[in-house]
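These notes are about the structure you will find just below.
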Amino acid sequence: MKCRICGKKPIIYMPHHRLALCKEDFISWFERYTERTIKEFKMFSKEDKILVTVSGGKDSLALWFVLRKLGYEADGFYLHLGIGEYSERSKEKVEKFAQRLKAKLIVEDLKKEMGGIPLLKDITSREACSVCGLVKRYNFNKVARDYGYTVVATGHNLDDEASSLLSNVINWNIKYLGRKYPVLKEEEGFVRKVKPFCKFTEKETALYALLNGIDFIEEECPFSEDASSIFYKEILNRIEEKFPGTKLRFYLEYLRKVYPRFKEEGERDLQPCKVCGQPSPSEICPVCRLREKAVNYLHGHEA
Ligand code: FES
Ligand code: ZN
């Protein structure tokens, strides 16, 4: 096999694109493809102020890196989730990386505010990842609004998107399907949200990160072990092995043929939360209720 561009020895073969590339050509292909995805879905332009939510993992750091390389105005936001050593180590990686990029990084501490994910998980008896998703979405939007960003960009890749699509199809979670799109437009109280890596597999973003010497945290969040998303990813990878190209097709055909039919189902009836002012399905938003519960719990245990 040869690199399709220069004929040298390739470092990657991507069966879903029928494309083999050497190191240099993979890097430039990856960057062009990112740009193309941004344009295809009208995610943002050079005029936008972009907030990249970084976890310390390969996807979000690679996204931050590539957006700045492409000339976009992109700052980072790290939310310290209070998950022990894991959060400490990932914060270090993010801070070091921000220095390398000479970029602005905003850091907020969930532990100080409401006790961190382990506590929230215990007091709600919800799965850690579901509470975590809730507070992340809330904070991403809040910080973006508070600091005047027009777009929030996350590092979700194709494996993330296809696996969550699969699990929501299996459960016929129609409301969710109506919001599964790589761009969620700005609406009352919400900043636009985008996923520029939605067409890259995990392998591709990892390779791009490695080739650019990005020092990311390799360990997974300790709560992810029992997360169902990993199970769905494995299933998709097994299908992909047998029928290369399925993962990308599953996702793209969904966007093209199915999403338009569910779009209306995804519309929400929201009002500003009476406590924090962020858009909420009820008078007081779920995060403010959670915060109150956590603060009460913490006071009770101090006494
Ligand atoms: Fe949110 Fe693991 S990163 S629960
Ligand atoms: Zn609120």
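The values are calculated or read from the model by the stated rules, or taken from the named source; none is laboratory data. Since this is a predicted model, take the numbers as computed values, not measurements. Note: ideal-geometry Cβ built from the backbone for every residue, glycine included; neighbour counts use all protein chains shown. The accessibility values were calculated without ligands, DNA or RNA, using every heavy atom of the protein model including side chains. Shrake-Rupley method; radii C 1.70, N 1.55, O 1.52, S 1.80 Å.
Which entries in Lys58/Lys112; Lys142/Lys193; Lys175/Lys257; Lys2/Lys39; Lys39/Lys185; Lys58/Lys93 show an alpha-carbon gap greater than 19 Å? In this structure, Lys58/Lys112; Lys2/Lys39 lie more than 19 Å apart at Cα. Applying the Karplus relation 6.51 cos²θ - 1.76 cosθ + 1.60 with θ = phi - 60° to segment 113-128 yields 3J(HN,Hα) values of 6, 8, x, x, 4, x, 5, 4, 5, 5, 7, 9, 6, 9, 5, 3 Hz, where x marks Gly and Pro. Take every Cα-Cα pair in the chain and report what % of them are more than 25 Å apart. Tail of the P(r) past 25 Å holds 52 percent of the pairs. Here segment 149-303 is assigned +1 on the Cβ of each Lys and Arg and -1 on the Cβ of each Asp and Glu. Its dipole about the Cα centre then comes out at about 760 debye. Between the residues Thr205, Pro222, Ile174, the greatest Cα displacement towards the positive end of the dipole of segment 115-226, with unit charges on the Cβ of Lys, Arg, Asp and Glu, is found for Ile174.
Taken about its Cα centre, the chain carries a charge dipole of about 1160 debye when Lys and Arg each add +1 at the Cβ and Asp and Glu each add -1 at the Cβ. When a/c reaches 1.5 or more, the comparison of a/b and b/c decides; with that in mind, is segment 66-225 rounded, prolate or oblate per its Cα gyration tensor? Taking the square roots of the gyration eigenvalues as a ≥ b ≥ c, segment 66-225 is rounded.
Amide H to amide H, with H built 1.01 Å from N, Val107 comes under 5 Å of Tyr78, counting only residues 5 or more places away or on other chains. A 1.4 Å probe run over segment 149-302, with the rest of the protein chains in place, finds 56 Å² accessible per residue. Measuring nothing but protein heavy atoms, the accessible surface of segment 50-128 at 1.4 Å probe radius is 45 percent carbon and sulfur.
The listed residues Trp172, Trp29, Trp64, once ranked by accessible area (1.4 Å probe) with the largest placed first, stand as Trp172, Trp29, Trp64. With R₀ set to 35 Å, the beta-carbon distance separating Glu219 from Glu283 gives a calculated FRET efficiency near 0.30. Once amide H atoms are placed 1.01 Å from N in the peptide plane, what residues at a sequence separation of 5 or more from Gly56, or on another chain, have their amide H within under 5 Å of its amide H? Residues meeting the criterion, in which the H sits 1.01 Å from N, are Leu61. Per atom type, segment 189-303 shows carbon and sulfur on 53% of its accessible surface, probed at 1.4 Å. Once the trypsin sites (Lys or Arg not before Pro) in DSSP loops with at most 11 neighbouring Cβ atoms within 10 Å are cut out of the chain, the longest remaining piece is 186-303. Across segment 88-97, rounded Karplus estimates of 3J(HN,Hα) from the backbone phi angles (6.51 cos²θ - 1.76 cosθ + 1.60, θ = phi - 60°) give 4, 5, 5, 5, 4, 4, 5, 5, 5, 5 Hz, Gly and Pro being marked x. Quickly estimate the mean residue ellipticity at 222 nm for the chain, helices only: each DSSP H run with n ≥ 4 gives -39500 (n - 2.57), and the total goes over all residues, rounded to 500. Rounded to the nearest 500, the figure is -15500 deg cm²/dmol.
If the chain linking Lys42 and Tyr13 were pulled fully straight, counting 0.36 nm for each residue of separation and taking away their Cα-Cα distance, it would gain 7.6 nm. List the residues of segment 14-38 whose backbone N lies under 18 Å from a point placed 7 Å from the Cα of Lys2 along the Cα-to-Cβ direction. Only 14, 18-26 fall inside the zone, counting backbone N under 18 Å. Segment 103-142 gives an Rg/Rh value of 1.03, both radii derived from C-alpha positions and Rh following Kirkwood. Against the chain, whose longest principal axis is taken from its Cα atoms, helix 158-170 shows a tilt of about 60°. What segment 24-75 shows is 39 Å² of accessible area per residue, with the surface traced by a 1.4 Å probe over protein heavy atoms.
So what does the Cα-only Debye profile of segment 178-279 read at q = 0.13, 0.16 Å⁻¹, as log10 I(q)/I(0), no solvent term? With one equal scatterer per Cα and no solvent, log10 I(q)/I(0) is -0.76, -1.05.
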